[in-house]
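> Below is a structure I'd like to ask you about.
Read-outs throughout are calculated quantities, based only on the coordinates presented, and are distinct from any laboratory measurement. In this text the structure is predicted, and so the values were computed from the model without any measurement. Every residue, glycine as well, gets a Cβ built from its backbone with ideal geometry; the counts of neighbours run over all protein chains shown.
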Amino acid sequence: MLTPARAAVEWLRKHGRRPHLLVHPDLEAEFSGVEGRSDKAVVVGDAGEAFNHASLNRAFRELVAGADFVALAVNRTFKDADGLLSLDTGAFVAALEFASGRSPVVLGKPSPDFFLSALAGLRCPPADAVMVGDDAESDVAGALRAGLGAALLVRTGKYRPNDETRFEPPPTALVDDLTAAADWILNRAAA
């Protein structure tokens, strides 16, 4: 299983960087043992309540001091525990990008490298892959821009009516849920 955190750990090791983490406390353990030179990289992920002025300002100061800028994702929203949409990592990445004048290396969705790395581990050609997700921008459009053969948008999770028309490229199909997605995939395979 390829996660953005695992991709970030590999990136940090490859580039010899020490992480300055702005991630959820539960995710910090993923980065234990990552040591680099004195050069740092600000790693921004879903930090939840840890996103506050002080933590953002510390990350900003590292960026203006020369740290590399790595984002685990740039999703706009997620469906929170209360069932409502909440700001996701992308809003905070955008704030740091605006303030620092620096663009991040995006290691998770919608980065084409993320999708292609996941497929490489499965030995699956992109044209044969199908992405199923509830995010028309990061999941669906991201997968199609990466060259995946199909991307299905499910009407569950954070889906909102008309999401299928908001981003390019549009989904290959709009389905009600994961069961309908599995049926779509099986019917396509049988054809």
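> Modelled label-to-label distance, Ser117 and Ser32, 7 Å Cα→beta-carbon offset: nm?
Here the modelled spin labels are 2.2 nm apart.
> Does anyone have the angle between helix 112-122 and the longest principal axis of the chain? Alpha-carbon axes, 0 to 90°, nearest 10?
70
> Which angle between 0 and 90 degrees, to the nearest 10, do you get for helix 89-100 versus the longest principal axis of the chain when only C-alpha atoms count?
40
> Would you mind calculating the relative contact order of the chain from Cα pairs under 8 angstrom and at least 6 residues apart, reporting the percent as a whole number?
RCO, the chain: 14 percent.
> Can you list the residues, at least 5 places off or on another chain, whose amide H is less than 5 Å from the amide H of Leu85, using H built in the peptide plane?
Excluding prolines and chain starts, which carry no amide H, the hits are Asp80.
> I'd like the distance between the alpha-carbon centres of segment 136-162 and segment 23-56, rounded to an integer number of Å.
That distance is 28 Å.
> To continue, here is another question. Once you have all Cα-Cα distances for the chain, histogram them in 10 Å bins from zero and send the whole-percent values.
Over the chain, the share of Cα pairs per 10 Å bin runs 9, 33, 34, 19, 5, 0 percent.
> On to the next question. Could you check what % of the DSSP bridge pairs in the chain are antiparallel, to the nearest 5?
Among the beta bridges of the chain, antiparallel pairing accounts for roughly 15 percent.
> Further question: May I ask for the angle, rounded to the nearest 10°, between helix 53-64 and the longest principal axis of the chain, with both axes built from Cα atoms and the value confined to 0 to 90°?
80
> Calculated FRET efficiency, Glu168 and Leu87, Cβ-Cβ r, R0 30 Å, to nearest 0.05?
Working from the Cβ atoms, E equals 0.80.
> Another one. Tell me the label-point distance for the pair Ser55, Cys124, using the 7 Å Cα-to-Cβ offset, in nm and rounded to one decimal.
Inter-label distance under the simple model: 3.2 nm.
> Cα gyration tensor of segment 36-119, axes a ≥ b ≥ c as square roots of the eigenvalues: rounded (a/c below 1.5), prolate (a/b > b/c) or oblate?
It is oblate, given that a/c is not under 1.5 and a/b is not larger than b/c.
> I would also like to ask the following. Hey, got the dipole for the chain? About the Cα centre, +1 on K and R Cβ, -1 on D and E Cβ, debye to the nearest 20?
Here the size comes out at about 640 debye.
> Name the lysines eligible as straight-distance cross-link partners of Lys158: C-alpha to C-alpha under 17 Å, and not fewer than 8 places from it in the same chain.
Cα-Cα hits under 17 Å: Lys79, Lys109.
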